[in-house]
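Notes follow the structure.
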Amino acid sequence: MKVRNMLEAKGKDVVSIDANSSVEDAIKVMNSRKISAIMITDHCNTAGIFTERDVVRCYLTTDGKSFRETAVKDAMTTNLIVARMDDDLNDIMSIMIEKNIRHLPVVEGGNVIGMLSVRDIIQTQVGKLTSEIHYLKDYIMGNA
């Protein structure tokens, strides 16, 4: 399965916030949207990603500065690893495991057009395996 197929099924909603916003603002948006990663933009260009892990790192490195006082641009991850629409999900899954990341922006034409999570990939794989198991059971029982 390709990234394209997964995004068509799950949707291409990308949530973002301006780089000058506070970490507190980013956390509030993530909480209200029930997501654990948000894209960070600077003058409409992708600047990075802010995840739950970044919240923890920010807490440990801001020397008592509050989340309200900390700009999200100072806490975000900037070295983005991205997926492309024609990438195979098995390859994407391997990259996410190898790099220990849970969220992967999907890029097309230089723009982030979607977001994949480990959960999305696991749900897809479980659905595929469940379907295969059902087919094999039917085949073994002679119902095919």
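The values are calculated or read from the model by the stated rules, or taken from the named source; none is laboratory data. Quick caveat: nothing in here was measured; it's all calculated off a predicted structure. As a convention, Cβ positions derive from the backbone with ideal geometry for all residues, glycine included, and neighbour counts pool all protein chains shown.
Each row is one residue, and each column tells you yes or no for (1) more than 23 Å from residue 43 (Cβ to Cβ); (2) modelled with pLDDT of 95 or more; (3) out of contact with any helix residue (DSSP H, G or I) (no Cβ under 6 Å at 6 or more places or on another chain).
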site: 87; (1), (2), (3): yes, yes, no
site: 97; (1), (2), (3): yes, no, yes
site: 109; (1), (2), (3): no, no, yes
site: 112; (1), (2), (3): no, no, yes
site: 116; (1), (2), (3): yes, no, yes
site: 126; (1), (2), (3): yes, no, yes
site: 130; (1), (2), (3): yes, no, yes
site: 142; (1), (2), (3): yes, no, yes
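Just one of the listed residues (16, 32) is exposed (fewer than 12 other Cβ atoms within 10 Å of the Cβ) and under 17 Å from the mean Cα position of the chain (by Cα), and it is 32. When the residues of region 70-98 are filtered to those that are in a loop (DSSP other than H, G, I, E, B), free of Cβ contacts under 8 Å to residues at least 60 places away in the same chain and surrounded by 12 or more Cβ atoms within 10 Å (Cβ to Cβ), the one that is farthest from the chain's Cα centre (by Cα) is 70. Residue check: residue 37 meets all listed conditions (1) over 27 Å from residue 113 (Cα atoms); (2) in contact (Cβ under 8 Å) with a residue 24 or more places away in the chain but one, namely (1).
When residue 3 is tested against (1) crowded, with 17+ Cβ neighbours inside 10 Å; (2) at pLDDT 95 or above, exactly one condition is not met: (2).
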